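Q: Mind having a look at this structure? Questions to follow.
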C-alpha cells in the first residue's frame, strides 16, 4: 500500500490492513494508555484478546470464549468499529453460543452506509439480544450500586 503520513507527521509503511502489531491495528492511544496502567494493578481490570477473523467468537473454541467461561461471564456488552462487520459477526456468534448480548448503539460505528448500522441494530434488538445506549448502561449500573 505504500507509505502513509499520520496526523502527527510520522510516516509509516501502510502495509496490509489490520494486521497484528501494525500501526493500523493499534489500540486507540488513550485506551492503550489506560490498558498499560491497568497492567500494574493487582486486579488486572482488562484483558487483550487477539482475533484473526471478523468475529471474535468464530469457530468451535476461541481464546475469548475460554476467558469468558473461565470467569463465568454470560452477559456481553458490545462496542466497536465496523458495526456491520466485526461487531455484528461477534454479536451473532455470541448469541448463537448462548450468551446474553447487548449492543451499545452509541459505542459502535461504521464507515458503511447508514442503513448498514440501522439493519444491525434492528436485528440485534429484535432477534439476537438487546440494544441500549452508554447512558442507559451508566444509569443501570448506578441503580445497581445504589442498592
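The values are calculated or read from the model by the stated rules, or taken from the named source; none is laboratory data. Because the structure is predicted, anything quoted here is derived from the model rather than measured. Methodologically, a virtual Cβ is constructed for each residue, glycine included, from the backbone with ideal geometry; neighbour enumeration extends over all protein chains shown.
Q: Return the residues of region 19-46 that are closer than 25 Å to residue 91 by Cβ, outside any helix (DSSP H, G or I) and at pLDDT 90 or above; say none if nothing qualifies.
A: If the condition is that a residue be closer than 25 Å to residue 91 by Cβ, outside any helix (DSSP H, G or I) and at pLDDT 90 or above, then 46 is the only one that fits.
Q: Select from region 59-96 the residues that are closer than 30 Å to residue 113 by Cα, surrounded by fewer than 15 Cβ atoms within 10 Å (Cβ to Cβ) and without any contact (Cβ under 8 Å) to a residue 60 or more places away in the chain and list them in ascending order. Break it down stepwise before answering.
A: Kept after step one, since they are closer than 30 Å to residue 113 by Cα, are these residues of region 59-96: 59, 64, 75-96.
In the following step, the residues that additionally are surrounded by fewer than 15 Cβ atoms within 10 Å (Cβ to Cβ) were identified as 59, 75, 77, 81, 96.
Of everything in region 59-96, those that are closer than 30 Å to residue 113 by Cα, surrounded by fewer than 15 Cβ atoms within 10 Å (Cβ to Cβ) and without any contact (Cβ under 8 Å) to a residue 60 or more places away in the chain turn out to be 59, 75, 81, 96.
Q: Also, quick follow-up: Tell me which residues, restricted to region 26-48, are in contact (Cβ under 8 Å) with a residue 12 or more places away in the chain and either exposed (fewer than 11 other Cβ atoms within 10 Å of the Cβ) or closer than 26 Å to residue 125 by Cβ (or both).
A: 48
Q: Which is farther than 28 Å from residue 19 by Cα, in a helix (DSSP H, G or I) and at pLDDT 95 or above, of 121, 70, 65, 142?
A: 142
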